[in-house]
Amino acid sequence: MSKALVIAEKPSVAQDIVRALTPVDGKFDKHDDYFESEHYVVSSAVGHLVEIKAPEEFDVKRGKWSFTNLPVIPPHFDLNPIDKSKGRLNALVKLIKRKDVDMLINACDAGREGELIFYYILRHVGSSKPVKRLWLQSMTPDAIRGGFTQLLDNSAVQSLAEAAVSRSE
């Protein structure tokens, strides 16, 4: 049976989602880094898990990156896992790549940083699985359940993700 992987921004939000979905989806089994029911796998980041490579890691035509050589705009911005959260990133990578996971749900905080956290995880993994957006203005169980009945297509928030990436770069 196929499942949707729900990725929240923080573990406490993942737990709130599980509590809200339990009455409608049934029992969730708790694992080390995620919860799982018949239809959902719910996990979380712990804030940012990947970041843009430091400027000094880019080899620039005019020599190494320095303030005297500015402006230098690299042809692309590579990502590096953040050392202190590599374990959580690896756990999410495994969940995203699971064969029974056929859809991803971005449940990171509603806003630019939430979009950036999710987008960078997805870019790091290189997943092409379809993505939906859980957009919440309230964390009550009713609001969470209502959000799952009105999931947005990822294209509805694409410009917000692009703004976040642009700001980051």
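The values are calculated or read from the model by the stated rules, or taken from the named source; none is laboratory data. What you see is a predicted model; the values in this text were computed from it and never measured. Every residue, glycine among them, receives a Cβ derived from its backbone with ideal geometry; neighbour counts consider all protein chains shown. Each accessible area value is taken on the protein alone, full model and side chains, heavy atoms only, with ligands, DNA and RNA left out. Shrake-Rupley method; radii C 1.70, N 1.55, O 1.52, S 1.80 Å.
Taken as a whole, the condition of being modelled with pLDDT of 90 or more, open to solvent by 60 Å² or more (accessible area, probe 1.4 Å) and in a strand (DSSP E or B) applies to LYS132. On the stretch given as the stretch 6-23, residues that are touching a helix residue (DSSP H, G or I) at 6+ places or on another chain (Cβ under 6 Å) and surrounded by fewer than 22 Cβ atoms within 10 Å (Cβ to Cβ) total 1.
Residues in the stretch 135-147 that are outside any helix (DSSP H, G or I) and either modelled with pLDDT under 85 or open to solvent by less than 60 Å² (accessible area, probe 1.4 Å) (or both): LEU136, SER138. Of the residues making up the stretch 1-53, those that are within 20 Å of LEU151 (Cβ to Cβ), assigned to a loop (DSSP other than H, G, I, E, B) and among the small types (Gly, Ala, Ser) are SER2, GLY26, SER37, ALA45.
The residue that is farthest from HIS48 (Cα to Cα), among those in the stretch 81-95 that are part of a helix (DSSP H, G or I) and open to solvent by 20 Å² or more (accessible area, probe 1.4 Å), is LYS94. Could you tell me whether the stretch 148-159 includes any residue that is open to solvent by less than 30 Å² (accessible area, probe 1.4 Å) and modelled with pLDDT of 95 or more? Yes, because at least one residue in the stretch 148-159 is open to solvent by less than 30 Å² (accessible area, probe 1.4 Å) and modelled with pLDDT of 95 or more. All conditions but one from (1) in a loop (DSSP other than H, G, I, E, B); (2) surrounded by fewer than 16 Cβ atoms within 10 Å (Cβ to Cβ) apply to ALA110; the one that does not is (2).
Every condition in (1) open to solvent by 80 Å² or more (accessible area, probe 1.4 Å); (2) part of a helix (DSSP H, G or I) is met by LYS99 except one, and the failing one is (2). The set of residues from the stretch 29-54 being over 28 Å from ILE82 (Cβ atoms) and either surrounded by 16 or more Cβ atoms within 10 Å (Cβ to Cβ) or out of contact with any Lys or Arg (no Cβ under 9 Å at 6 or more places or on another chain) (or both) comprises ASP29, SER37. Take ILE121 and decide whether it is under 15 Å from LEU79 (Cβ atoms) and either assigned to a helix (DSSP H, G or I) or in contact with a Cys (Cβ under 8 Å, 6 or more places away or on another chain) (or both). Judged against the criteria, ILE121 is a match.
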